[in-house]
Amino acid sequence: MSTPIPEIRRLKDLSTLVSLSKRRGFVFQSSEIYGGLGSCWDYGPLGSLMKLNVKRAWWNAMTRRSDIVGLDAAILMHPTVWKASGHVDGFSDPLVDCKDCKTRFRADNTDSYINKKQCPVCGSKNLSEERQFNLMFKTHMGPLEDSASVVYLRPETAQGHFVNFQNCQQSSRYKIPFGIAAIGKSFRNEITPGNFIFRTREFEQMEMQYFVKPGTDEKYFSEWKERRWNFYKKFGIREENLKFKDHDKLAHYARAAVDVEYKFPMGFSELEGIHNRSDFDLSQHAKFSGKNLEYFNEAEKEKYIPYVIETAVGCDRLFLAFMCDAYREEVTTTKDESGKTTEDVRVVLGLHPDIAPIKVAVLPLSKKDELSLPAEALRDQLAEDFDVTYDETGSIGKRYRRADEVGTPFCVTYDFDTINDGAVTVRHRDKMTQERIKIKELNSYIAAQLKQFNN
Ligand code: GAP
């Protein structure tokens, strides 16, 4: 009898991922034992590993090029930075309160308000006036809490790139076009955070600013659009779940802006922004700081303020997109002699191995010392090269399922034959094929298999 082909079911709602994330240690509600803190999340044992992988994938894609350098700027910056950037005066959302049910919502993206001037929750028309609410978190530097000591938690990492433009260019001696890449925390006091880690008040951004000669900006904007699309494709995001969306309205400084949208369970939503920011940022910082931020091209003896092509993606949002895209349920239905049907569900996170938190699970067939002791030694051997886990609890089938559910690409079973032939069974997550591999060749075998995904 042939093996039935399973039906594939994809993720339908975020709540499935929220519970998997908690149960398996990807993401926990912040301060949960105190009832949680709104829109803040903690990355658990597997989540923190996976988040590092997301960052590494982005960082390598950016900085393993001959024209991009890295930067790790401070979160707190001189307050005038945010005057120059326009954030003090303009980084706000219109806020409305419902006087009946006390819901607070954004006026500019709430359909019931835009169309009918109604509260999105109770439908009341008893609403406050719209007022502008600045999204920057304020704090004070030093012991005095007065207006002179106000500093902001940065709402984007980009400003660190602009104020360090000359430092990076001169210390690296790079010529234009060149870019600065950084990963770091940003903070926005969002009026309506939500959808799990999609929109939060504390999040991480991965931004790259590419400084170019005016007039070449359109060419580089197109190039970066293509590169960013290929990045998502390379790491396994299905193309049918991605699209570009041009901005309907451009910010006053932007010459072009496009979002890469991903089809989250709540619909297509922004994953990354790609912007042509003209010379706005460097000109503003030159004006407010009094420093000359022109670039001098020696070969052509010309001076200019560079234009900036920006690519900006949230690490948490990309983490969520990877989880959503990878989640699948393989459902096999069987009928017994009486005609009763049974469904067997294999939950798999089909993550690209570079993104998967654990690469190999080591599973001794029995808990007896004669298998568990050498299996632990094998765990250590593999841990020299990979993130590994060791699991000896429950049937081997259950352990395979546990590894599938967190996206582990390979399971290695140490059985009684291993003692004699020095070989283990390697089981592949996606095809579920099994191979017998010698222990002394195992690390290089796994490394070669992982590399294959990138070719
Ligand atoms: N420097 C440009 C900039 O910050 P943005 O479109 O405001 O542009 C870039 O932000 C990316 O940062 C977004 O595409 C999104 O992935 C992420 N992001 C922004 N706000 C976020 C929030 N509140 N929670 C999680 N991610 C956020």
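The values are calculated or read from the model by the stated rules, or taken from the named source; none is laboratory data. Since the structure is predicted, the reported quantities are computational estimates derived from the model, not experimental observations. When we count neighbours, we look across all protein chains shown, and the Cβ atoms used for this are built from the backbone with ideal geometry, even at glycine.
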* Structure fact -> In the set G142, G160, the lone residue that is outside any strand (DSSP E or B) and on the phi > 0 side of the Ramachandran plot is G142
* To do: Check off (1) more than 14 Å from the ligand (Cβ to nearest atom); (2) within 14 Å of R317 (Cβ to Cβ); (3) not small (G, A, S) for E218 and give me the number that stays unchecked.
  => (2)
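Here is a yes/no grid of residues against (1) in contact with a Phe, Trp or Tyr (Cβ under 6 Å, 6 or more places away or on another chain); (2) at pLDDT 95 or above; (3) surrounded by 20 or more Cβ atoms within 10 Å (Cβ to Cβ):
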| residue | (1), (2), (3) |
| --- | --- |
| G184 | no, yes, no |
| E190 | no, no, no |
| F196 | no, yes, yes |
| R227 | no, yes, no |
* Assuming S149 fulfils every condition listed in (1) more than 16 Å from the ligand (Cβ to nearest atom); (2) within 30 Å of I309 (Cβ to Cβ) apart from one, which condition is it? -> (2)
* Pairs under 8 Å by beta carbon, first residue assigned to a strand (DSSP E or B) in region 273-285, partner among the aromatic types (F, W, Y), six or more apart or different chains? -> I274/F221; I274/W224; N276/F221; N276/Y307
* When you scan region 407-439, how many residues do you find that are in a helix (DSSP H, G or I) and either out of contact with any helix residue (DSSP H, G or I) (no Cβ under 9 Å at 6 or more places or on another chain) or not assigned by TED's automatic domain parsing to the domain that holds G394 (or both)? -> 3
* In region 67-106, what count of residues is obtained for those that are among the hydroxyl-bearing types (S, T, Y) and either at pLDDT 95 or above or in contact with a His (Cβ under 8 Å, 6 or more places away or on another chain) (or both)? -> 2
* Asked: Restricting attention to region 394-410, does a residue exist that is more than 26 Å from M50 (Cα to Cα) and either at pLDDT 95 or above or not acidic (D, E) (or both)?
  -> yes
* Taking only region 409-444 into account, find how many residues are of a type in the set (K, R) and under 32 Å from the mean Cα position of the chain (by Cα). => 3
* Asked: Mind checking which pairs have a first residue in region 54-74 that is part of a helix (DSSP H, G or I) and a second that is acidic (D, E), Cβ under 6 Å, 6 or more apart or different chains?
  -> A57/D354
* Residue match in region 296-305 (condition: β-branched (V, I, T), within 16 Å of the ligand (Cβ to nearest atom) and in contact with a strand residue (DSSP E or B) (Cβ under 9 Å, 6 or more places away or on another chain)) -> no
* Asked: Which of the residues spanning region 251-277 are over 25 Å from the mean Cα position of the chain (by Cα) and within 14 Å of the ligand (Cβ to nearest atom)?
  -> Y253
* Determine, yes or no, whether T157 is assigned by TED's automatic domain parsing to the domain that holds Y295, among the β-branched types (V, I, T) and modelled with pLDDT under 95. => no
* To do: Show the residue pairs that are 6+ apart or on different chains and have beta-carbon atoms under 8 Å apart, the first residue being within region 4-30 and surrounded by fewer than 15 Cβ atoms within 10 Å (Cβ to Cβ), the second being not in a strand (DSSP E or B).
  => K12/P265; D13/P265
* Structure fact -> Checked region 75-107 for anything in a loop (DSSP other than H, G, I, E, B), β-branched (V, I, T) and within 30 Å of F288 (Cβ to Cβ); matches are I75
* Asked: Do any strands (runs of 3 or more DSSP E) lying entirely in region 310-371 carry at least 1 residues that are under 17 Å from the mean Cα position of the chain (by Cα), away from the ligand (no atom under 16 Å from the Cβ) and in contact (Cβ under 8 Å) with a residue 12 or more places away in the chain, and which ones are they?
  -> 327-335, 341-349
* To do: State whether the residues of region 200-213 include one that is in a helix (DSSP H, G or I), within 16 Å of the ligand (Cβ to nearest atom), touching a Leu at 6+ places or on another chain (Cβ under 8 Å) and assigned by TED's automatic domain parsing to the domain that holds E270.
  => no
* Would you point out the residue of region 134-186, among those that are in contact (Cβ under 8 Å) with a residue 24 or more places away in the chain and among the charged types (D, E, K, R), that is farthest from F91 (Cα to Cα)? => K175
